[in-house]
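Structure, as structure tokens:
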Amino acid sequence: MSNNAVENFEPKILVFACNWCTYAGADLAGTSRLQYPPNVRVLRVPCSCRVNPQFVLRAFQRGIDGVLVAGCHPGDCHYTTGNYYTRRRFLLITRMMDYMGIDSRRFHTRWISGAEGPKFQQVVTEMINEVKAIGPNDKFRDDAKIEVKAVETNE
Amino acid sequence: MSNIQNEMRAVAKELLESGKATVVLGWEKGTMPYDSTPVMIRSAADVDKLIWDEYCLQNLSTYLIDFINTEDKVAIFAKGCDTRAYNRLVHDRRINPKNSIVIGVPCSGMKNPKVAAKTPEGAEVPMANACKECRYPNPVACDQKIGSDVTPWCTAKDFSDVEAIEAMDADAKAAFWKEQYSKCIRCYACRNICPACNCTNCIFDQSASGWCSKDVNASENQFYGVTRAFHVAGRCIECGQCEAVCPSDIPIMLMNKKFIKDIDTLFGNYEAGLVTEGTTPLNSYQVADPEEFM
């Protein structure tokens with residue numbers, strides 16, 4: 001891949017946002033007019049523990065360059081204990097991704113509350129910059145299923 | 001060996017004649033010297049089919065699932081790993097312990113039939129991979145026992161092979177797994193043999209759900225591999241049957257052992273298949289679990 005392609009690379013970041021905290025946090029970032037790059041796609045889920053690790057793998061297969069799973073801080077879960085399960089699950093799956101050769105900078109789990117609009121902005125911006133620096137995800141991809149390639153390489 | 005075999009036949013005969021069991025699950029000699037295949041015996045006249053040798057590798061506990069809707073009383077012969085598998089199935093409420101009789105057989109390690117198939121007759125055949133690392137050669141729970149206990153040859157879990165992969169760089173890891181899973185033909189033998197993979201409806205049989213597919217390519221196969229490993233995380237009893245039945249020789253236990261290793265380091269040592277009640281690491285939590293996501 002040429003340097004030019006990496007320079008022009010705009011990553012696609014998928015954010016699984018918990019309805020009760022992170023989605024409200026993202027909303028707060030918006031109503032507070034906090035700026036962040038437009039590379040994120042926010043997908044609202046009822047609880048961070050709704051996010052099956054398969055969803056994350058699927059995203060990487062289909063050409064997403066980075067995934068953020070975000071939910072309420074431990075102890076604040078709307079369903080009392082959901083995020084404790086998320087924590088166990090994603091502690092394991094983060095390590096498994098690394099074991100499979102997916103750069104661990106592409107996949108993050110964060111606790112972002114409804115009051116943490118600035119944190120949402122910060123986490124997302126940092127992640128986009130990081131993924132931009134390491135380039136498009138070429139691991140785990142199911143290219144047969146990706147109709148439009150993200151980057152033109154042969155110019 | 002032959003003493004145990006004679007005892008097995010005697011026990012099977014007694015159980016069938018007295019009516020305490022209507023079916024006995026054991027092993028019989030297959031077509032090749034390195035084949036010992038499962039056998040289902042319903043009549044006392046057939047008990048001489050039963051054998052016990054160094055190739056009785058296959059775990060019979062998973063067959064008990066086939067009897068959950070029958071009136072049968074099933075007696076099964078079980079090695080150490082098989083009794084852990086049995087506990088796993090009881091724990092998952094997939095079999096009714098009241099309808100089964102477990103006859104424990106201490107095992108001193110089975111030989112690797114895949115290697116035996118390629119070894120000239122008479123030459124030494126190594127132990128099966130999972131048996132080399134076995135810590136529970138003796139039945140952990142059984143209704144009656146044949147033979148005397150053996151001394152376990154391993155006392156601690158061996159993660160050296162997992163650590164070897166962990167030490168590689170990201171590109172090498174990705175290349176390694178891509179190569180391994182390019183060989184997968186999606187026969188689902190690993191799933192079918194696995195005592196922890198005991199769902200009535202496997203998600204991989206529901207391709208219409210849209211987020212898992214039956215496509216056979218490296219990406220989908222890895223997706224299958226990781227997902228299966230994750231589904232048995234905290235429940236895998238390390239019998240290594242998945243790897244033993246894999247026609248493509250994919251090192252599936254490397255995946256399962258990675259999860260076992262991480263569960264041990266993150267949430268405390270856990271031994272699956274020793275109890276039939278209580279929680280497993282992934283359906284429970286501790287408020288004080290490691291926090292990396294702040």
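Couple of notes before you dig in:
- The range B:146-185 - residue that is among the β-branched types (V, I, T) and either more than 30 Å from B:A10 (Cβ to Cβ) or within 8 Å of chain A (Cβ to nearest Cβ) (or both) and, of those, surrounded by the most Cβ atoms within 10 Å (Cβ to Cβ): B:V162
- When the range A:25-63 is limited to residues that are of a type in the set (V, I, T) and more than 13 Å from chain B (Cβ to nearest Cβ), the one that is surrounded by the fewest Cβ atoms within 10 Å (Cβ to Cβ) turns out to be A:T31.
- Those residues of the range A:54-81 which are farther than 30 Å from A:N137 by Cα and in a helix (DSSP H, G or I), in sequence order: none
- Note on the range A:30-53: residues that are part of a helix (DSSP H, G or I) and closer than 16 Å to A:R110 by Cα total 4.
- Checked against (1) outside any loop (DSSP other than H, G, I, E, B); (2) buried (at least 17 other Cβ atoms within 10 Å of the Cβ), B:C134 passes all but a single condition, namely (1).
- Residue ranges of helices (runs of 4 or more DSSP H) in the range B:195-294 with at least 1 members away from every other protein chain (no Cβ under 13 Å): B:241-245, B:252-267
- Top-ranked residue in the range A:97-118 [being surrounded by fewer than 20 Cβ atoms within 10 Å (Cβ to Cβ) and within 11 Å of chain B (Cβ to nearest Cβ); ranked as modelled with the highest pLDDT]: A:D98
- The C-beta contact set for the range B:97-123 (first residue at positive phi, second residue buried (at least 16 other Cβ atoms within 10 Å of the Cβ) and part of a loop (DSSP other than H, G, I, E, B), distance under 9 angstrom, 6+ apart or interchain) comprises B:G109/B:E54; B:G109/B:A128; B:G109/B:C134; B:G109/B:P137.
- Of the strands (runs of 3 or more DSSP E) that lie entirely inside the range B:1-85, those containing 3 or more residues that are among the β-branched types (V, I, T) span B:36-41.
The values are calculated or read from the model by the stated rules, or taken from the named source; none is laboratory data. Here the structure is a predicted model, which means the values were calculated and not measured. Neighbour counts are summed over all protein chains in view; Cβ atoms, including those assigned to glycine, are modelled from backbone coordinates with ideal geometry.
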